Amino acid sequence: MPELPEVETTRQGLLAALEGQVLRSVEARVPALRFPLPPDLATRLAGRKVTGIDRRAKYLLVGIEDGQVLLIHLGMSGRMRVFPAGGERPPLEKHDHVIFQTGGGTEIRFNDTRRFGAMDLMAADAVGDHPLLRDLGPEPLGNEFNGPVLAARLQGKRTPIKSALLDQKIVAGLGNIYVCEALYHANLSPRRSAHTVQGARAERLVQAIRQVLHQAIAAGGSSLRDFRHADGELGYFQHQFAVYGRESERCPRCAQDAKSTGCIRRLVQSGRSTFYCSRWQR
DNA sequence: ATTGGTTCCTGCTGGC
DNA sequence: TGCCAGCAGGAACCAA
């Protein structure tokens, strides 16, 4: 499930393969992912050079030399797989939906089993106006994200803090896994009403979010079912989860206590599983 | 306006 | 052993 760390890991892998390369051909093998692909995707990209790759929240923004930007979202199960020039080319798989070929002989395949991903093309000077990007909240790893900023954005929100953090308009890039982990590290109950996260609590939560994202990026993201690096390698942050997917186990802090028993509980909030420590999170 | 529920899609899992 | 309902989840969309 690509969240910010998985998208960032993908960005780094793609950048190494694509920066400065000419896109010789682009082949869309399906008419639509989550949304219809631009019908002229191939013709607008073919023959153009990739100037760089940025990331905004969970979106990849591939800069093209003529002032276009290719937006890519990995959705739930999207993967970008790089096949270097001169290397092996296994047969296309069932859900290889978009194929990029570079002038240097590198091939990149966008594979997305559940087809919740998206691609779009836009002018570079219109990126901020794009409907998918326009309303996004601050980048959690950016300088503009801090305790007072988060507190202000949570003001008046009666929804649980867990749900608020999944809302990309509050802060952009978190998904179910890293929200659970961040709330654990901030000692905050996922059920706590969002507007009560102010002052020191908001500061703690910001630090927890930044720390867990940094650590996950350093570990190459988390590979649960679908996620792989661009070179096919697995991320390994899933081994460092404190609570996610660990129902009825002991959390790292409770595990220090010989008398403690399973403290991690699961509940469902707005249709998604939340994992938390019933002893430490308030 | 805010918030909760539904939907898209496919593959895996658990229960019978 | 085999089948199928249920679940997983990002985010747009709809409804209250």
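Since every read-out is calculated from the coordinates, none of them should be taken as a lab result. Note that the structure is predicted; figures quoted are calculated from it, not measured. As a convention, Cβ positions derive from the backbone with ideal geometry for all residues, glycine included, and neighbour counts pool all protein chains shown.
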* Asked: For the stretch A:147-277, how big is Rg over Rh, using alpha carbon atoms and the Kirkwood form of Rh?
  -> 0.98
* With a/c under 1.5 counting as rounded, go ahead and sort the stretch A:4-129 into rounded, prolate or oblate using the C-alpha gyration tensor (a ≥ b ≥ c being the square roots of the eigenvalues; past the cut-off, prolate if a/b is larger than b/c, else oblate). => rounded
* To do: Would you please classify the overall shape of chain A from the alpha carbon gyration tensor, given that a ≥ b ≥ c denote the square roots of the eigenvalues, rounded means a/c under 1.5, and beyond that prolate means a/b larger than b/c while oblate covers the rest?
  => prolate
* **Karplus (6.51, -1.76, 1.60) ³J(HN,Hα), θ = phi - 60°, over the stretch A:253-269, in Hz, Gly and Pro reported as x** => 6, 5, 5, 6, 9, 4, 7, 6, 10, x, 10, 7, 10, 10, 9, 10, 10
* Is the shape of the stretch A:21-78 rounded, prolate or oblate, going by the alpha carbon gyration tensor and its root eigenvalues a ≥ b ≥ c, with a/c under 1.5 for rounded and a/b larger than b/c for prolate? -> oblate
* Asked: Among A:177-190, A:97-110, how do they line up from the highest to the lowest mean number of other beta-carbon atoms within 10 Å?
  -> A:177-190, A:97-110
* Would you list A:279, A:89 from fewest to most Cβ contacts within 10 Å? -> A:89, A:279
* Asked: How many lysine pairs does chain A hold where the Cα atoms are under 30 Å apart and the two sit 8 or more places apart or on different chains?
  -> 8
* **Whole-angstrom gap from the stretch A:254-282 to the stretch A:52-94, using each part's C-alpha centre** => 37 Å
* Asked: What Cys residues in chain A are without a partner cysteine, judged by a Cβ distance under 4.7 Å?
  -> A:180
* **Two-site FRET efficiency, residue A:149 against residue A:233, from Cβ-Cβ distance with R₀ of 41 Å, rounded to 0.05** => 0.75
* With +1 on each Lys and Arg Cβ and -1 on each Asp and Glu Cβ, and nothing else charged, work out how big the dipole of chain A is about its Cα centre, in Debye to the nearest 20. => 1440 debye
* To do: Starting with the fewest neighbours, write out A:3, A:19 ranked by other beta-carbon atoms found within 10 Å of each beta-carbon.
  => A:19, A:3
* Asked: Using a basic spin-label model with each label point 7 Å from the Cα along Cα→Cβ, how many nm lie between residue A:247 and residue A:66?
  -> 5.2 nm
* **Spin-label model distance (nm) - residue A:43 vs residue A:25, 7 Å beyond Cα toward Cβ** => 1.7 nm
* **Residue (of A:63, A:220, A:260) at the positive-pole extreme of chain A, dipole from beta-carbon charges** => A:260
* Asked: Which FRET efficiency value, to the nearest 0.05, do you get for residue A:266 and residue A:132 by plugging their Cβ-Cβ distance into 1/(1 + (r/R0)^6) with R0 = 22 Å?
  -> 0.10
